[in-house]
Amino acid sequence: MPIVDIELLRDKTSATLEEDLPQRIADGLGDVFQTQPAQTWVKIHHHQRVDYAENHSILPFEISPVMVKVLKSTIPEGEALKEEARRVAETVAAICSCPVSNVHVLYEPEAAGRIAFGGVLRT
């Protein structure tokens with residue numbers, strides 16, 4: 001049930017995304033999470049460079065951060081979480097054609113007991 005929100009920073013000339021980008025990321029992350037078909041959901045949001053800043057710094061044009069938020073029923077612990085986060089970053093970087101160092105992964109709190117699909121609470 002992973003739900004993944006991805007925020008891409010693009011300049012005006014590359015603001016249009018390839019149509020299949022969400023599908024390629026969903027497929028890649030489905031492999032990382034080892035989910036069945038239609039069980040990893042990906043939403044992509046893109047922002048122009050003027051919508052992003054870092055304090056007391058000017059972001060070099062060649063750097064385009066990719067923010068990845070992951071919501072799962074349960075989150076792995078310890079080394080398993082480190083490995084999964086690494087694989088998420090590498091997968092997204094490869095598909096988005098950016099350095100893995102530009103991909104930042106945030107795990108949301110576990111969703112079990114606080115998310116409902118079709119009004120049915122998942123525990």
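The values are calculated or read from the model by the stated rules, or taken from the named source; none is laboratory data. What you are looking at is a predicted structure, and each value in this text was computed from that prediction instead of being measured. With ideal geometry, Cβ positions are generated from the backbone for all residues, glycine too; neighbour counts draw on all protein chains shown.
At a glance:
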{"item": "Which listed residue is in contact with a Pro (Cβ under 6 Å, 6 or more places away or on another chain), surrounded by 10 or more Cβ atoms within 10 Å (Cβ to Cβ), on the phi < 0 side of the Ramachandran plot and outside any helix (DSSP H, G or I), from 42, 68", "result": "42"}
{"item": "Segment 96-115, residues that are among the aliphatic types (A, V, I, L, M), surrounded by fewer than 16 Cβ atoms within 10 Å (Cβ to Cβ) and at pLDDT 95 or above", "result": "100, 106"}
{"item": "Pairs, first under 19 Å from residue 98 (Cα atoms) in segment 38-66, second surrounded by fewer than 10 Cβ atoms within 10 Å (Cβ to Cβ) and not polar (S, T, N, Q), C-beta under 8 Å, six or more apart", "result": "48/12; 49/61"}
{"item": "Residue among 56, 47 that alone is over 20 Å from residue 109 (Cβ atoms), under 16 Å from the mean Cα position of the chain (by Cα) and surrounded by fewer than 16 Cβ atoms within 10 Å (Cβ to Cβ)", "result": "47"}
